[in-house]
Amino acid sequence: MRPMKKTISLLISALWLAVPAYADSPQKSGADPVDAKSTPAPISDSEKEFRALDRNGDGFLSRSELESSKVLAARFDSADKNRDGKLDLAEFQGLEADASSGRNVGSAPSESEPAS
């Protein structure tokens, strides 16, 4: 009878340790195995344009990175809300929101705009 007591106490101990670990596991019964938090959000057009303009990949747009677009360069100071000399994504999106409707700020000028 003694070996049976050891076996039962080992089983109880194993269950006691396993239950909390199982409760914390990400796959609960009936749950979707793909966690919603791990699914990346789709990238907006303005974020794609921002990343394309951010040549050094530091997450900011400097004046030199915007030299290719006269429209962006001309509006740089008004878009730089915190006056740190660079545009973050939010400042860039604000700049795009202020742009004329129907085209992005970084795109080629329309026929009605002088090319300078």
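The values are calculated or read from the model by the stated rules, or taken from the named source; none is laboratory data. Please read all numbers here as calculations on a predicted model, not as lab measurements. Positions of Cβ are backbone-derived with ideal geometry, glycine not excepted, and every protein chain shown enters the neighbour counts.
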Checklist entry - Mind checking whether some residue in the stretch 25-36 is modelled with pLDDT of 80 or more, hydrophobic (A, V, I, L, M, F, W, C), at negative phi and within 23 Å of the chain's Cα centre (by Cα)? => result no
Next on the checklist: For the stretch 67-89, which positions are in contact with a strand residue (DSSP E or B) (Cβ under 9 Å, 6 or more places away or on another chain), part of a helix (DSSP H, G or I) and without any contact (Cβ under 8 Å) to a residue 24 or more places away in the chain?
Outcome noted: Phe76, Ala79
